[in-house]
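Here is the structure we will look at.
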Amino acid sequence: MCFCGRDYERNTRPVDLGGGFAEGTRPYYVKNLLKIMFKKSVLITGGAGFIGSHVVRLFVNKYPDYQIVNLDALTYAGNLENVKDVEKQPNYVFEKGDIRVADFLKNLFEKYNFDAVIHLAAESHVDRSIENPLAFVETNVIGTVNLLNAAKNLWKNDWRDKLFYHISTDEVYGSLGKTGLFTENTAYDPHSPYSASKAASDHFVRSYHDTYGLPSVISNCSNNYGPNQFPEKLIPLFINNIKLQKPLPVYGDGQYTRDWLFVIDHARAIDMIFHQGKTGETYNIGGFNEYTNIDLIHLLCDIMDEKLGRPKGSSRNLITFVKDRPGHDKRYAIDATKINKELGWKPSVNFEEGLSKTIDWYLENEEWLKNVTSGEYQKYYDEMYGGR
Ligand SMILES: NC(=O)c1ccc[n+]([C@@H]2O[C@H](COP(=O)([O-])OP(=O)(O)OC[C@H]3O[C@@H](n4cnc5c(N)ncnc54)[C@H](O)[C@@H]3O)[C@@H](O)[C@H]2O)c1
């Protein structure tokens, strides 16, 4: 019997893990079949997105005794090609679905009897949040509360060995001046609709821990970069523009400062927090790696000139300064001492190394970039899962 991806679905249908039995009447042996096959059943939301796809890959490969269920609505930011390399693994299942729909989640939790949730699904782009804040409330706030309710209802009689792990951002802390770092005790002060929605979702997670006893943990991470990031975000957008010799639009004076972390190091941190973090706690994750936007763009231009065999400095001519984003936070910087001291995590690559790997990936994966920018990638689900 093959338990891989779609085959798994097909093979388990006759014993019915989803419908067929009236609510709550599914036989004991069916409910526990997965418990025998796998040590844990872990729901990862947003696993077709940028960070989620790296977390899914790490967990599927590193923990063959965990069943990993990747739940994603496949919005413009979700791309199943990001997890193509693990889709045939016996411990991987993909479920298309929307965290805004509470009934769907109830059935999903009942179907898989999850032990843990790693929640990454979100609307994640600040510029889009300024255009349409309500979409961010619906997915990031209501979607998170729907997930909390589904977990609470499934686990409420026995919290042992359960975990709701919520992935958040350093943007909830607001903006720093020239000095200082965000610690886990920094007061929340979000400025964009995106960060406000993430802050609200963090508060709900804590409130479920404090009110109902839901075992939960939160991590707040700095800006990520690396392979598979949707090219609306700064680094992939600029790699693509430099390659095509298109203008590089820089907000304001380019002096905004961000703390950059390679996405694979974020996934490693998530793995450590998931396994060793204390429930009820918050962990900040960052690279101790601050760059102003303009310095970062200069570095990107110079590495790409070298890789593309262009005269040194030529790509810098593409830089054009554009009108600032409203409510733009000046500086973010994370103090990652707690995760370093308590769990022993630290970044595995320095910025130039990570940036160089990232540029190589985008240059080697032109097809991925072309599919993403043209919208072609959205056909992949229909081709692979259309019959479901
Ligand atoms: N990118 C960063 O630098 C960064 C830094 C810190 C924290 N985070 C957080 O990490 C998480 C992942 O960020 P990302 O950059 O990978 O985002 P992303 O936009 O690349 O991916 C988000 C994923 O969520 C899915 N999704 C969106 N709405 C959904 C819904 N209603 N139901 C189910 N799935 C839905 C999308 O299809 C997509 O696959 C987010 O919670 C974000 O706030 C991101």
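The values are calculated or read from the model by the stated rules, or taken from the named source; none is laboratory data. A quick note: this is a predicted structure, and the numbers were derived from the prediction, not measured. Here the Cβ is made from the backbone with ideal geometry for all residues, glycine too, and neighbour counts use every protein chain on show.
Scanning the range 214-273 for residues that are of a type in the set (Gly, Ala, Ser) and either closer than 14 Å to Ile294 by Cα or outside any strand (DSSP E or B) (or both) turns up Ser222, Gly226, Gly252, Gly254, Ala267, Ala269. Apart from one condition, Leu244 fits all of (1) buried (at least 22 other Cβ atoms within 10 Å of the Cβ); (2) aliphatic (A, V, I, L, M); (3) without any contact (Cβ under 8 Å) to a residue 24 or more places away in the chain; the exception is (1). Scan the range 135-172 for residues that are more than 13 Å from the ligand (Cβ to nearest atom) and either farther than 19 Å from Lys106 by Cβ or not in a helix (DSSP H, G or I) (or both) and report the count. Qualifying residue count for the region: 9. Please state which of the following conditions Leu120 fails to meet, knowing it meets all the rest: (1) within 9 Å of the ligand (Cβ to nearest atom); (2) surrounded by fewer than 19 Cβ atoms within 10 Å (Cβ to Cβ); (3) within 18 Å of Ile68 (Cα to Cα). The one condition Leu120 does not meet is (2). Against the list (1) within 30 Å of Leu296 (Cα to Cα); (2) buried (at least 23 other Cβ atoms within 10 Å of the Cβ); (3) within 10 Å of the ligand (Cβ to nearest atom), the condition Phe238 fails is (3). Answer yes or no: is there a residue in the range 260-276 that is under 24 Å from Asp115 (Cα atoms), within 20 Å of the chain's Cα centre (by Cα) and surrounded by fewer than 17 Cβ atoms within 10 Å (Cβ to Cβ). Looking for residues that are under 24 Å from Asp115 (Cα atoms), within 20 Å of the chain's Cα centre (by Cα) and surrounded by fewer than 17 Cβ atoms within 10 Å (Cβ to Cβ), one finds at least one in the range 260-276, hence yes.
Exactly one residue out of Tyr208, Tyr225 is within 29 Å of Glu352 (Cβ to Cβ) and touching a helix residue (DSSP H, G or I) at 6+ places or on another chain (Cβ under 7 Å): that is Tyr225.
Within the range 79-92, is there a residue that is at pLDDT 95 or above, within 16 Å of the ligand (Cβ to nearest atom), outside any helix (DSSP H, G or I) and surrounded by fewer than 20 Cβ atoms within 10 Å (Cβ to Cβ)? Scanning the range 79-92, I find at least one residue that is at pLDDT 95 or above, within 16 Å of the ligand (Cβ to nearest atom), outside any helix (DSSP H, G or I) and surrounded by fewer than 20 Cβ atoms within 10 Å (Cβ to Cβ), so the answer is yes.
Among the residues of the range 265-317, those that are more than 16 Å from the ligand (Cβ to nearest atom) and either of a type in the set (Ser, Thr, Tyr) or under 20 Å from Val172 (Cα atoms) (or both) comprise Thr279, Gly280, Glu281, Thr292, Ser314, Ser315.
Exactly one residue among Ser197, Ser201, Ser219, Ser192 is more than 21 Å from Lys278 (Cβ to Cβ), near the ligand (Cβ under 10 Å from one of its atoms) and touching a helix residue (DSSP H, G or I) at 6+ places or on another chain (Cβ under 8 Å), and that residue is Ser197. Taking the criterion of being without any contact (Cβ under 8 Å) to a residue 40 or more places away in the chain, within 26 Å of Tyr188 (Cβ to Cβ) and surrounded by fewer than 12 Cβ atoms within 10 Å (Cβ to Cβ), the only residue of the range 310-353 that qualifies is Lys341.
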